[in-house]
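Scroll down for the structure; my scribbles are underneath it.
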Amino acid sequence: MDIRTPIGQAVFLVSFSCIIGFGSNLVKADAIPWIATELEIADSITPETESTDPVLLAISLNQAKNLFDDGILFVDARDDDYYTAGHIQGALKNAFLMELIFSIEAIQEKNMPLVVYCGDPGCGDSEDLAYDLQDSGFNKLYVFKGGWLEWSKAEYPSEMDE
Amino acid sequence: MTRYFKVQLVFFFRLIVGIIFIYASIDKITHPAAFATAIGNYHAVPFGLENMMAMVLPWLELLVGVCLIAGIMVDGAAIMCIVMNIVFIFAISQALARGISIECGCFSVSTETGDNIGLETILRDIAYLVMSFVILYRNEKRLEFFPKHV
């Protein structure tokens, strides 16, 4: 590799970045795994509130409906416009994170179960928000991957913003 | 006068692209897990490789930015700018074409301050791409310290 040629320089920059990137990840306190893993899918859910074991699982439409029927709080991770156009009945709006945290805490404790959803199985906002909420101390989080698309198709209880 | 203008323009573009890449790298370096999630949301990287990308890409952006500003390996840095911007444009376009509404993860990987992808994101990357081409195909290599003669 001749570092005086443009291609040699590009190869050097990529190689050097790999060394720093991988190397720094080895020594960082918040290191991430080499390969990303999908969010684990819940086999069965027992949202008991006594346990303090942290939970962050993906759930199906049926599981989401069961939690909804049990009165579990839902949080909509989509933008305002989508929320206004239609959302799961009683779901909280995704405001600024601190505002959302205050809204949730006004309703329930941090160790109570919470379902987060976004638009469809392809969107990642629900997972992002779930991780943010987990970092903020909420420890029973369920990500409804099917989101608004599956819920509205199933014609389950929903409402529009007033 | 025209020559002077061209030299100034190239240096100006080097500064602009360099500062943007350095700025874009900082939040990603400090929040690798959030950046990995942002990459994963594009659904364009197979086999869970988004984590490895999240480890390397921010450092590459930082190095490229520093090289452009410092006048070190400017050709290589410009090539990497072009490659990265093409990848970004492709990733954003395919996400938009599939109707995925996600945050860009371009400058901030925080869900509070990040901006969503859209046509303006693509236009912004095209502008950086054009500037990178101008830098790569510059006539005069002024204010560059390594290599001296290519």
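Coordinate-derived values only; no laboratory data. The structure displayed is predicted, hence computed values, not measured ones. Counting neighbours? That spans all protein chains shown, and the Cβs are built from the backbone with ideal geometry, glycine included.
Counting DSSP beta bridges in the protein assembly as shown, what percent are antiparallel, to the nearest 5?
On the way: 3 of 20 bridges.
The antiparallel proportion sits near 15 percent.
For chain A, with a Gaussian network of springs between Cα atoms less than 10 Å apart, report the residue from A:Ala31, A:Ala91, A:Ala130 with the top mean-square fluctuation.
Among A:Ala31, A:Ala91, A:Ala130, the largest mean-square fluctuation in the Gaussian network model of chain A belongs to A:Ala31.
Could you compute the net charge surrounding B:Phe12? Neighbours are other residues with a C-beta less than 13 Å from the C-beta of B:Phe12; K and R count +1, D and E count -1.
Every neighbour counted, the sum reads +4.
How big is the protein assembly as shown by Rg and Dmax over its Cα atoms, in Å?
Radius of gyration, then largest Cα-Cα span, for the protein assembly as shown: 22.7, 77 Å.
For the Cα atoms of chain B, what angle does the longest principal axis make with the long axis of helix B:32-41, in degrees from 0 to 90, nearest 10?
Rounded to the nearest ten degrees, it is 70.
So what's the net charge close to B:Leu57: Lys and Arg +1, Asp and Glu -1, counting the other residues with Cβ under 15 Å from its Cβ? Let's see the in-between values first.
Values: positive: B:Lys28; negative: B:Asp27, B:Glu50, B:Glu61, B:Asp125.
Surrounding charge for B:Leu57 is -3.
Enter the angle in degrees (range 0 to 90, nearest 10) between the Cα long axis of helix B:74-97 and the first principal axis of the Cα atoms of chain B, meaning the one along which they spread out most.
With both axes taken from Cα atoms, the answer is about 30 degrees.
Can you tell me which of A:Phe68, A:Phe144, A:Phe102 moves the most in a GNM of chain A? Springs connect C-alpha atoms under 10 Å apart.
Maximum fluctuation in the GNM of chain A, among the listed residues, is at A:Phe102.
Just check segment A:55-159 against the gyration tensor rule for me: Cα atoms, a ≥ b ≥ c as the square roots of the eigenvalues, rounded for a/c under 1.5, and otherwise prolate or oblate depending on whether a/b exceeds b/c. Please list the in-between numbers first.
Details: a/c = 1.44, a/b = 1.29, b/c = 1.12.
Rounded, because the longest to shortest axis ratio a/c is under 1.5.
For chain A, just give the cysteines left without a disulfide-compatible partner, judged by no other Cys Cβ under 4.7 Å.
A:Cys18
Span-like helices, chain A: DSSP H, alpha-carbon axial extent 27 Å or more, mean Kyte-Doolittle 1.0 or greater, which ones? It would help to have the intermediate numbers written out before the result.
On the way: long enough: A:6-27 (32 Å, 1.55).
The qualifying helices are A:6-27.
Between B:Cys104 and residues 5 or more places away or on another chain, which pairs have amide H atoms under 5 Å apart, with H built 1.01 Å from N, and which residues are they?
Those lying under 5 Å, H to H, from B:Cys104 are B:Asp115, B:Asn116, B:Ile117.
Could you tell me how many degrees, from 0 to 90 and to the nearest 10, lie between the Cα long axis of helix B:119-136 and the main elongation axis, the longest principal axis, of the Cα atoms of chain B?
30 degrees
Within 10 Å of each Cβ in peptide A:1-11, how many partner chain Cβ atoms are there on average? Round it to a whole number, please. Walk me through the numbers on the way to the answer.
Working: counts 0, 2, 4, 8, 4, 10, 3, 5, 13, 11, 3.
Per-residue shielding by partner chains comes out at 6.
Using only helices, what value at 222 nm comes out for chain A when you add -39,500 (n - 2.57) per DSSP H run of length 4 or more and divide by the total residues, to the nearest 500 deg cm²/dmol?
Working: 6 runs with 66 residues, N = 162.
Value at 222 nm, helices only: -12500 deg cm²/dmol.
Most fluctuating residue of A:Gly122, A:Gly86, A:Gly21 in a GNM of chain A with Cα springs under 10 Å: which is it?
Between A:Gly122, A:Gly86, A:Gly21, it is A:Gly21 that shows the largest mean-square fluctuation.
For chain B, what is the calculated [θ] at 222 nm in deg cm²/dmol (nearest 500), taking -39500 (n - 2.57) for each run of four or more DSSP H residues and dividing by its residue count? Write down the numbers at each step before the final one.
Numbers: 5 runs with 102 residues, N = 150.
It comes out at -23500 deg cm²/dmol, rounded to the nearest 500.
Of the DSSP beta bridges with both residues in segment A:37-162, give the percent that are antiparallel, rounding to the nearest 5. Don't jump to the answer; show the numbers that get you there.
Numbers: 2 of 18 bridges.
Counting only bridges with both partners in segment A:37-162, antiparallel ones make up about 10 percent.
Going by the alpha-carbon gyration tensor, a ≥ b ≥ c the square roots of its eigenvalues, is segment B:71-150 rounded (a/c under 1.5) or, if a/c is not under 1.5, prolate (a/b greater than b/c) versus oblate? Don't jump to the answer; show the numbers that get you there.
Numbers: a/c = 3.40, a/b = 2.39, b/c = 1.42.
Prolate is the answer for segment B:71-150, as a/c is 1.5 or above and a/b outweighs b/c.
Run the lone-cysteine check on chain B: no other Cys C-beta under 4.7 Å from the residue's C-beta.
B:Cys67, B:Cys81, each lacking another Cys Cβ under 4.7 Å.
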